[in-house]
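For reference, the structure is listed below as structure tokens.
The values are calculated or read from the model by the stated rules, or taken from the named source; none is laboratory data. Values in this document were obtained by computation on a predicted structure and should not be read as measured data. All Cβ positions, glycine included, derive from the backbone under ideal geometry; neighbour counts span all protein chains shown. Just so you know, the surface numbers come from the protein's heavy atoms only, side chains and all, with ligands and any DNA or RNA stripped out. Shrake-Rupley method; radii C 1.70, N 1.55, O 1.52, S 1.80 Å.
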Amino acid sequence: QKEVEQNSGPLSVPEGAIASLNCTYSDRGSQSFFWYRQYSGKSPELIMFIYSNGDKEDGRFTAQLNKASQYVSLLIRDSQPSDSATYLCAVKGKTSYDKVIFGPGTSLSVIP
Amino acid sequence: DAEITQSPRHKITETGRQVTLACHQTWNHNNMFWYRQDLGHGLRLIHYSYGVQDTNKGEVSDGYSVSRSNTEDLPLTLESAASSQTSVYFCASSESLAGQETQYFGPGTRLLVL
């Protein structure tokens, strides 16, 4: 069974620090990787997606992918209290018919 | 603007009743999904559809059914509600093209089965 695992959390960081969220996946054929943010009581919203090995930066967010190690991470620089949320890692296989598998999420709390 | 809506947003029902949760998207996406989210379990896939008249079972499909008669709607029916089906239900949709698989989620429906 294909699995996606994340830090159990909760993760607490001081405001202004770098928050590092990690995710590992079991299906070596996975091709698409997503990070969603979910505020309490709200629905998940996409922050970033990454398809290729290496880093992808978008503002304060950087996604890092290492397919050989089956590992994807999300770095949040200059963390803000508004970043406090649960972050869901999601992984999808190579074909359009593969389902997206979500990890259990990591709760992040940014302390002012 | 395109969007995905769910109704009702909150529902209280009794054990054994049939309940239907609506999901409507204006993205014109082929793919639609129903998830439930419970503490400690994350998002679990109930049913999904890759197009009109296509439906497929997810990992937790027992007690649920869906039908897809048009592109915009994928209603989820609980045939005979059970207390174990108390949860938050999210509908999502996505493109079917490789590289366009980002899922867009509805606001969710909180269901309480008494």
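In table form, for the structure just shown:
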| read-out | value |
| --- | --- |
| Residues of segment B:47-65 satisfying the condition of being in a strand (DSSP E or B), under 25 Å from A:E5 (Cα atoms) and open to solvent by 40 Å² or more (accessible area, probe 1.4 Å) | B:N56, B:K57 |
| Close pairs (8 angstrom Cβ cut-off, 6 or more residues apart or separate chains): surrounded by 15 or more Cβ atoms within 10 Å (Cβ to Cβ) and modelled with pLDDT of 95 or more in segment A:7-22, outside any strand (DSSP E or B) and not β-branched (V, I, T) anywhere | A:V13/A:S79; A:A19/A:S79; A:A19/A:D83; A:L21/A:N7; A:N22/A:N7 |
| The listed residue being surrounded by fewer than 22 Cβ atoms within 10 Å (Cβ to Cβ), assigned to a strand (DSSP E or B) and charged (D, E, K, R), out of B:R68, B:R44 | B:R44 |
| B:L21 vs. criteria touching a Phe, Trp or Tyr at 6+ places or on another chain (Cβ under 6 Å) and of a type in the set (A, V, I, L, M, F, W, C) | yes |
| Residues satisfying the stated conditions in segment B:20-57, i.e. within 11 Å of chain A (Cβ to nearest Cβ), among the aromatic types (F, W, Y) and closer than 26 Å to A:T86 by Cβ | B:F33, B:Y35, B:Y48 |
| Check on B:T13, in contact with a strand residue (DSSP E or B) (Cβ under 9 Å, 6 or more places away or on another chain) and within 15 Å of B:E95 (Cα to Cα) | no |
| Number of positions in segment B:59-78 that are under 20 Å from B:R110 (Cβ atoms) and either within 14 Å of chain A (Cβ to nearest Cβ) or not aromatic (F, W, Y) (or both) | 8 |
| Failed criterion for B:T86 (all others in (1) closer than 16 Å to B:C23 by Cβ; (2) modelled with pLDDT of 95 or more hold) | (1) |
| Every residue from segment B:22-41 that is more than 11 Å from the chain's Cα centre (by Cα), surrounded by fewer than 18 Cβ atoms within 10 Å (Cβ to Cβ) and part of a strand (DSSP E or B) | B:D38 |
| The lone exception for B:E95 - which of (1) closer than 26 Å to B:R17 by Cα; (2) more than 8 Å from every other protein chain (Cβ to nearest Cβ) it fails | (1) |
| Segment A:66-112: number of residues that are within 14 Å of another protein chain (Cβ to nearest Cβ) and open to solvent by 60 Å² or more (accessible area, probe 1.4 Å) | 5 |
| Segment A:46-65, subset aromatic (F, W, Y) and within 14 Å of chain B (Cβ to nearest Cβ), residue farthest from the chain's Cα centre (by Cα) | A:Y51 |
| Matching residues in segment B:88-112 - criterion: being over 22 Å from A:S32 (Cβ atoms), open to solvent by 10 Å² or more (accessible area, probe 1.4 Å) and assigned to a strand (DSSP E or B) | B:V88, B:R110, B:L112 |
